[in-house]
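K.L.:
Structure below; questions to follow.
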Amino acid sequence: SDILAGAKIFTSNCASCHAGGQNIIMPARKKTLKKEALSQYLSGGMTEGSVIHIVTNGKSAMPAFGGRLSDEDIASVASYVIDQATFDKW
Ligand code: HEM
């Protein structure tokens, strides 16, 4: 998977709700894409596999991207999200 490709996929598909790693749909619930939030709230913890799972299947108000993005593109956007969170780039 490719972090640079993931950055572009994020801009096109995720930034409407998660610009800057935030969560504008559920700000009160603090389910952002930052390290602390992913460790605390993301089912399976802060791993690429957990991000792939939520992106593929969706959750509550987050749409499923399985079938809309290729598995390769989902893996790339997951690499990007984990890199951003791990190194506090948001
Ligand atoms: C949650 C990634 C697109 C709305 C999350 C989480 C991740 C994520 C990693 C877990 C956050 C946490 O538990 O702290 C992405 C990626 C996207 C994307 C990579 C693009 C491929 C969107 C879009 C929307 C959205 C377009 C709005 C229409 C939400 C909501 C949650 C969430 C509401 C909280 C779900 C819950 O726990 O109930 N997203 N997201 N996401 N996302 Fe997205």
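Quick note: the coordinates plus some simple rules give every number you see, no bench work behind them. In this text, all values refer to a predicted model and were calculated from it rather than measured experimentally. We place every Cβ from the backbone using ideal geometry, glycine too, and count neighbours over all the protein chains shown.
K.L.:
What is the local net charge at D71, summed over the other residues whose Cβ is closer than 14 Å to its Cβ (Lys, Arg +1; Asp, Glu -1)?
P.N.:
That works out to -3.
K.L.:
Rounded to the nearest Å, what's the spacing between the alpha carbon centres of the range 5-38 and the range 60-90? Just the number, please.
P.N.:
9
K.L.:
If we sort 17-25, 76-84 on the protection proxy, mean other Cβ atoms within 10 Å, highest first, what's the order?
P.N.:
Going by the mean number of other Cβ atoms within 10 Å, highest first, we get 76-84, 17-25.
K.L.:
Shifting gears a bit: Rg and Dmax of the chain, Cα atoms, in Å?
P.N.:
11.6, 32
K.L.:
Can you order the peptides 31-37, 45-51 by their average number of other Cβ atoms within 10 Å per residue, highest first?
P.N.:
Highest to lowest by the protection proxy: 31-37, 45-51.
K.L.:
List the pairs from K8/K30; K30/K59; K31/K59; K8/K31; K35/K89 whose alpha-carbon separation is above 19 Å, in the order I gave them.
P.N.:
Flagged as over cut-off: K8/K30; K8/K31.
K.L.:
What value, in deg cm²/dmol to 500, does the helix sum -39500 (n - 2.57) over DSSP H runs of n ≥ 4 give at 222 nm once divided by the residues of the chain?
P.N.:
Using -39500 (n - 2.57) per qualifying helix, the result is -15500 deg cm²/dmol.
K.L.:
Another question, then. Using Cα pairs under 8 angstrom and six or more residues apart, how large is the relative contact order of the range 1-84, in percent? Intermediate results must be reported in sequence, preceding the final value.
P.N.:
Working: 96 pairs, mean separation 33.8, N = 84.
Relative contact order comes out at 40 percent.
K.L.:
Which value, in Å³ per residue, describes the convex hull spanned by the Cα atoms of the range 12-52?
P.N.:
Cα convex hull per residue, to the nearest whole number: 72 Å³.
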